[in-house]
1. Would you call residue A:153 surrounded by fewer than 17 Cβ atoms within 10 Å (Cβ to Cβ), touching a Gly at 6+ places or on another chain (Cβ under 8 Å) and not hydroxyl-bearing (Ser, Thr, Tyr)?
2. Report the residue count in region A:195-214 for those that are touching a residue at least 60 places away in the same chain (Cβ under 8 Å) and either surrounded by fewer than 23 Cβ atoms within 10 Å (Cβ to Cβ) or more than 7 Å from every other protein chain (Cβ to nearest Cβ) (or both).
3. Just one of (1) closer than 13 Å to residue B:69 by Cα; (2) away from every other protein chain (no Cβ under 12 Å); (3) crowded, with 21+ Cβ neighbours inside 10 Å; (4) within 13 Å of the chain's Cα centre (by Cα) trips up residue B:111, so point out which.
4. Just the residues that are more than 14 Å from every other protein chain (Cβ to nearest Cβ), in a helix (DSSP H, G or I) and of a type in the set (Gly, Ala, Ser), please, taken from region A:124-147.
5. Any chance you could count how many residues in region A:255-295 are part of a loop (DSSP other than H, G, I, E, B), closer than 19 Å to residue A:153 by Cα and of a type in the set (A, V, I, L, M, F, W, C)?
6. Looking only at region B:121-170, count how many residues are facing another protein chain (nearest Cβ under 8 Å) and touching a Gly at 6+ places or on another chain (Cβ under 8 Å).
7. With respect to residue A:258, determine if the residue is at pLDDT below 95 and among the hydroxyl-bearing types (Ser, Thr, Tyr).
8. For region B:103-206, please list each of the helices (runs of 4 or more DSSP H) lying entirely inside it that holds at least 1 residues being over 30 Å from residue A:105 (Cβ atoms).
Amino acid sequence: MTNPSDTPRTPASLNDLDARVGRRQALKIGGLSVSLAAIVAACGDIQGDTVPGRVGNAPTIPALPEYDVNDAVLLRTASSLENTAVFVYEAAQELGVLEGDLATLVERLIANHTATSERMAALTVAAGGTAWTSTNPWIMDRAIEPILQAILAPQILTDDNGDVEQTERTQEEIGLDVVNLAITLENMASSTHQTLTSLLTQSEQRLAVAQASAEEARHSATLVLEVFGIARRVSPLLVGGEIVNANGIIPRYAIESTFGSVAQEELLAGATDENGNRASFLLATPAANSFIYEELDEG
Amino acid sequence: MNSKGQSLVDFEPAEPASTRRSLLGAVGLAGLVGTAAAAVSSAPAAAAPDRPTDADSDLLAAALGLELAAVELYKAANETLPDDFADIAEIMAEQHEAYADSIAGVIGVSSAGAANADVVAQLSGDFATSDPQAFGAVARTLENIAVATHTELLGTYDSVDAIELTASILAVESRHATVLTSLAGFAANLDEMLGNTADALSLTGGAS
């Protein structure tokens, strides 16, 4: 005799499944569906929270204050950039990497930036603001100081045996980096003033920043010609060529574009690593995070 | 570091800054006296129109004439200068042509045939030279005048488009002036390299 339970079970077909849903099960499924539908219908008018979801018990993020960006703020920011340029040039002087005609040029550039800063300060006061007499803290913290640290840091290389070799940079190497920083900073200052021409509300202010933009463009071009010579008069990009980094450094030219650019600029500086690369920094014209708002004190 | 520009040994500046005003008088550009440039705009930029006003368009048309004059002059120099320096003249011509095209685009006119005839007539002889240093001297004068003119005009414009375009032009024309000043033999003269004492042209509006 064969026990029915010993009969081999074959997989059920879809038809078999339908056949095995009895009346009792159909009632259960139907009841559940009705219940779920009722719940969904009851919850239909409940709105979800529109703020981003939060995980854990972190405190609620406070709303950030909104500060006005007016003429005084823009002019204070312009002053801060001028003072930042002066800081960089004075740092270069202290490093002792400027000699001869370049040292003379830098003296003149310091005088020009100081005069422009004072002009922006006077316009700030005329606009009802308080003159800003120091550097731009955002740009100093996030650009200038890291760049100067990279420029002064020794070259650290690891050989095939894993031994670390540390080599101090030469004055010439440091000087070249400082010059490239100065050119980049002059370009950024010129771009900033160029941008401000259409943001400031008074003609006298617009004229002042237009003149500053033109003068700082001359600063940049003069630095290029002084240090790199007449071969750097015009960027190859303007005559269908390409720019090739030399020794991990972006070459600069007296004339780099047809129109004044307000794009961010990359600076490669510091000692090279094992692959011949240098640290990369991006410098951009001031924006909301680097404006010198009226609420910001120098003290 | 030493200057990489041309030697200034025994070089007598052919056109020191103090003579630029006399150049303006000599070329008869002072006759283009206008009142528009003297009328300083005080319109808040925030409330300023994007598109040029009628007054802006008149002044931009005059600036267009100046740019096209520069194109003609540099093209003339390109024909007479030695190769390396002809290339510089060609690049300058191309850039001024780009400025002319942009100005024409902003005010909605054709740039063809609108060069400032007075500027061309008075400077074409000096531009048609085979001497790079002489070319540098006259070209830097033109660039400095162009920068001064655009700067003065910028203070009179009401529209954002006119202000932004002009600011982007004068920033690079300043670089032109510095490069050409170096070519003219003044590389070691920081007053000439970094400064601009040129007078703006007084433009009545509309290219001649």
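1. Numbers: surrounded by fewer than 17 Cβ atoms within 10 Å (Cβ to Cβ): yes; touching a Gly at 6+ places or on another chain (Cβ under 8 Å): yes; not hydroxyl-bearing (Ser, Thr, Tyr): yes.
The answer is yes for residue A:153.
2. Summing the residues that are touching a residue at least 60 places away in the same chain (Cβ under 8 Å) and either surrounded by fewer than 23 Cβ atoms within 10 Å (Cβ to Cβ) or more than 7 Å from every other protein chain (Cβ to nearest Cβ) (or both) in region A:195-214 gives 10.
3. (4)
4. Of everything in region A:124-147, just one residue is more than 14 Å from every other protein chain (Cβ to nearest Cβ), in a helix (DSSP H, G or I) and of a type in the set (Gly, Ala, Ser), namely A:143.
5. Number of matching residues: 1.
6. Of the residues in that region, 4 qualify.
7. Working: at pLDDT below 95: no; among the hydroxyl-bearing types (Ser, Thr, Tyr): yes.
No; evaluated as a whole, the condition is false for this residue.
8. Where helices (runs of 4 or more DSSP H) fall fully within region B:103-206 and carry at least 1 residues being over 30 Å from residue A:105 (Cβ atoms), they are B:117-127, B:132-154, B:160-181.
The values are calculated or read from the model by the stated rules, or taken from the named source; none is laboratory data. Owing to the predicted nature of the structure, the values given are computational and were not obtained by experimental measurement. Backbone-built Cβ (ideal geometry, glycine too); neighbour counts: all protein chains shown.
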